[in-house]
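Take a look at the structure set out below.
The values are calculated or read from the model by the stated rules, or taken from the named source; none is laboratory data. Just so it is clear, the model here is predicted, and its values are computed rather than measured. Glycine gets a Cβ as well: all are built from the backbone with ideal geometry, and neighbour counts include every protein chain shown.
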Amino acid sequence: MDGLTAGPSHNSPARACQPTASIGPIFTPRRGVNAIATSSISHLHDDLLHDIFYIIVQSKFACYTSSTNTPAGSMLILPASHVCRHWRTLTLASPRLWSFLLLMAQTHPAMLCDFLSRSKNVLLSIKMLGYRVNDELFEMARTLAEQHMGRIGELYISGFWQQDTPRLLAFFEDKPAPNLYALAVETSGLMMMIPLFGGRMPVLRRLQMKKITIPWLPLKDMVVLEISSQTHMPAKEDILWTLHHSPALEVLSILLGEDSPQAAVIPANLTSDIAVHLPRLRELCLGSFGSNEDVLYFLSRLVFPPSVSVDLYLSGQLPEDVHLGDICPSIRAIQAQVIEGSIRFEYLCTVYNFAVQSPDRVFRVEWERSPVWEAPSDAHALDSISLPDFKLQLLMIFASGYEPSCQEWTDLLRRIPTLRHLEVDLRRNSFSSGCAKFAFFDALGEQGVEGEVPVVCPLLAQLVIKRAAIDDETQAEVWEALRRALLSRAHAGAPKLELLEFVKGEDGHNLPLPGDVPVDRLAELVGRIIIQHEE
């Protein structure tokens, strides 16, 4: 184990694991079992026992946040080192177990000194978490920066108030970080340009910066690159240069702001417009709060495997005749694998929000447009995300404050001929509201793409309507509109529905079958009808 673990003990297992203090029996021996038999853990080889300790310490450290209330990092080794003499010898002989340091306002400086001593010369993983600060925390930051900067391999700073973060970062402003391979800094508010480590981070492989801007460096060989909510983003040419020189990149997340970018660091003659191949990419997140041109710029140059998880955020207008699948063929390959998904339409005040995603979030696109009266048509949105490239068999549609016309519903349904199960959640909508009256059912009976399929969604077998407010006066009309749609589908040769389900919300009205729509007339068109309350 890298020469860090103690060798096998010369004492017998039974004697080596005797507690230093009597705490009573943990297990009551069963009848017929030797009461002094040792537990199985006492037979574990030192290397294996060390690995167990290390995995626990490392994993707890990785997921620790400022809201976590349980011990984590190397603090977990303290109780383990007090179990017995052998465990104490083993833990003290392994510097790596003492190298995961959590520094907060309540951390005692003496503990930091103790852990620094026990970790000897191994690289340190450090998390400085807020929001509260005190003089002791600043002193510990100064000690690390001035005396142990060469030992820091990972540094995470998060959760502090906006005015306190610069004071902590000031200690690291001009200190070279020769062994720093992971850096993550997040502040509670936007911060202007702050230099770190004098720009000397030669082995940096993981960079996560949120709400803080650092002078851009010609980074390469990156594994994780996450930059978002910065006052001045790096020039897109510089980011592209880094991507060209990071073939092992696994995570790419860039959320572009509205402010002007930094001046380019890489000379124009060293940048290239050829495709960037990222064969190891696992996660891709691109977004913009301003113009979408930069998002499209990066997408048009990236090539990645169909196993990548894609999350895109767009804001404002997209150019006409823009199709994501055409711009980035790698996205089309991912879309072709999605057979279940959801589409969300929301009108909130003057903001129109449109989102498409798979349930496992392998693929997600959110498009926010405002104000509503300047928003392009839904057809433009559906064209832009290349909806026909999906092979959807199950789709959930959420429509909040959204009342499309029959033509808009028809345009949507025509794009998903492979659909077999459809759920429509009409929260805050009403079948009795103005021009949107029965629009969905009318669209359900419309013809499909001319010359290709006779009706929209010709394979549809199950239909679920959720949380649609239907008053007593319009019940009969609703059922009649549905009956007309199902008759139209039957006349066009479409198979009858296997299931029709209405799910009412907590404030939903009663929805009995009205007397003028006999059950047997619907039974000819639907295999089973269910009306139930939402759980």
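State whether the residues of the stretch 280-303 include one that is assigned to a loop (DSSP other than H, G, I, E, B), on the phi < 0 side of the Ramachandran plot, modelled with pLDDT under 90 and touching a helix residue (DSSP H, G or I) at 6+ places or on another chain (Cβ under 9 Å). Looking for residues that are assigned to a loop (DSSP other than H, G, I, E, B), on the phi < 0 side of the Ramachandran plot, modelled with pLDDT under 90 and touching a helix residue (DSSP H, G or I) at 6+ places or on another chain (Cβ under 9 Å), one finds none in the stretch 280-303, hence no. Tallying residues that are buried (at least 20 other Cβ atoms within 10 Å of the Cβ) and either under 21 Å from ILE152 (Cα atoms) or basic (Lys, Arg) (or both) within the stretch 225-241 yields 1.
Considered as a group, the residues in the stretch 217-239 that are within 23 Å of the chain's Cα centre (by Cα) and not in a loop (DSSP other than H, G, I, E, B) include one that is farthest from VAL185 (Cα to Cα), and that residue is ILE239.
Using the structure shown, decide if ILE343 is buried (at least 17 other Cβ atoms within 10 Å of the Cβ), out of contact with any Asp or Glu (no Cβ under 7 Å at 6 or more places or on another chain) and closer than 23 Å to ILE239 by Cβ. In short, no.
In the stretch 149-191, the qualifying residues are those that are exposed (fewer than 15 other Cβ atoms within 10 Å of the Cβ) and in contact with a strand residue (DSSP E or B) (Cβ under 7 Å, 6 or more places away or on another chain), and the one that is farthest from ILE227 (Cα to Cα) is TRP161.
Scanning the stretch 393-403 for residues that are buried (at least 19 other Cβ atoms within 10 Å of the Cβ) and under 18 Å from TRP367 (Cβ atoms) gives LEU395, ILE397, ALA399, TYR402. In the stretch 258-279, the qualifying residues are those that are in a loop (DSSP other than H, G, I, E, B) and modelled with pLDDT of 70 or more, and the one that is nearest to ALA235 (Cα to Cα) is ASP273. Looking only at residues in the stretch 192-216 that are modelled with pLDDT under 85, crowded, with 20+ Cβ neighbours inside 10 Å and in a strand (DSSP E or B), the one that is nearest to the chain's Cα centre (by Cα) is ILE212. When only residues in the stretch 491-508 that are aliphatic (A, V, I, L, M), buried (at least 16 other Cβ atoms within 10 Å of the Cβ) and touching a Leu at 6+ places or on another chain (Cβ under 8 Å) count, which is modelled with the highest pLDDT? Restricting to residues being aliphatic (A, V, I, L, M), buried (at least 16 other Cβ atoms within 10 Å of the Cβ) and touching a Leu at 6+ places or on another chain (Cβ under 8 Å), the top hit is LEU497. The set of residues in the stretch 123-135 that are of a type in the set (D, E, K, R) and in contact with a Leu (Cβ under 9 Å, 6 or more places away or on another chain) contains only LYS127.
For the stretch 103-113, the candidate set comprises residues that are part of a loop (DSSP other than H, G, I, E, B) and of a type outside the set (A, V, I, L, M, F, W, C); within that set, the residue that is surrounded by the most Cβ atoms within 10 Å (Cβ to Cβ) is THR107.
When restricted to residues that are touching a Ser or Thr at 6+ places or on another chain (Cβ under 6 Å) and at pLDDT 85 or above, the stretch 394-436 contains 1. Among residues of the stretch 119-147 that are on the phi > 0 side of the Ramachandran plot, those with a beta-carbon under 8 Å from a residue that is surrounded by 15 or more Cβ atoms within 10 Å (Cβ to Cβ) at least six positions away or on a different chain give the pairs LYS120/PRO95. Residues considered: GLN475, GLN462, GLN532. Of these, the only one that is of a type in the set (S, T, N, Q), buried (at least 17 other Cβ atoms within 10 Å of the Cβ) and modelled with pLDDT of 70 or more is GLN462. Note on the stretch 114-151: residues that are in a loop (DSSP other than H, G, I, E, B), farther than 19 Å from ALA72 by Cβ and under 35 Å from the mean Cα position of the chain (by Cα) total 3. Whether any residue in the stretch 160-171 is touching a residue at least 12 places away in the same chain (Cβ under 8 Å), assigned to a helix (DSSP H, G or I) and in contact with a Ser or Thr (Cβ under 6 Å, 6 or more places away or on another chain) is what I want to check. Within the stretch 160-171, one or more residues are touching a residue at least 12 places away in the same chain (Cβ under 8 Å), assigned to a helix (DSSP H, G or I) and in contact with a Ser or Thr (Cβ under 6 Å, 6 or more places away or on another chain). When the residues of the stretch 437-450 are narrowed to those that are closer than 22 Å to ILE339 by Cβ and of a type in the set (A, V, I, L, M), which ends up modelled with the highest pLDDT? Per the criteria, the residue is LEU444. Any residue in the stretch 318-347 that is among the basic types (Lys, Arg) sitting within a Cβ distance under 9 Å of a residue that is surrounded by fewer than 16 Cβ atoms within 10 Å (Cβ to Cβ) and in a helix (DSSP H, G or I)? List the pairs, counting only those 6 or more apart or interchain. Listed pairs, sorted by first residue: ARG332/ASP326.
Looking at ALA93, ALA80, ALA110, ALA62, just one residue is farther than 22 Å from LEU180 by Cβ, free of Cβ contacts under 8 Å to residues at least 24 places away in the same chain and not acidic (Asp, Glu), and that residue is ALA110. VAL308 satisfies every condition listed in (1) hydrophobic (A, V, I, L, M, F, W, C); (2) buried (at least 18 other Cβ atoms within 10 Å of the Cβ); (3) at pLDDT below 95 except (3).
Answer yes or no as to whether VAL251 is at pLDDT 90 or above and crowded, with 16+ Cβ neighbours inside 10 Å. It is true that VAL251 is at pLDDT 90 or above and crowded, with 16+ Cβ neighbours inside 10 Å.
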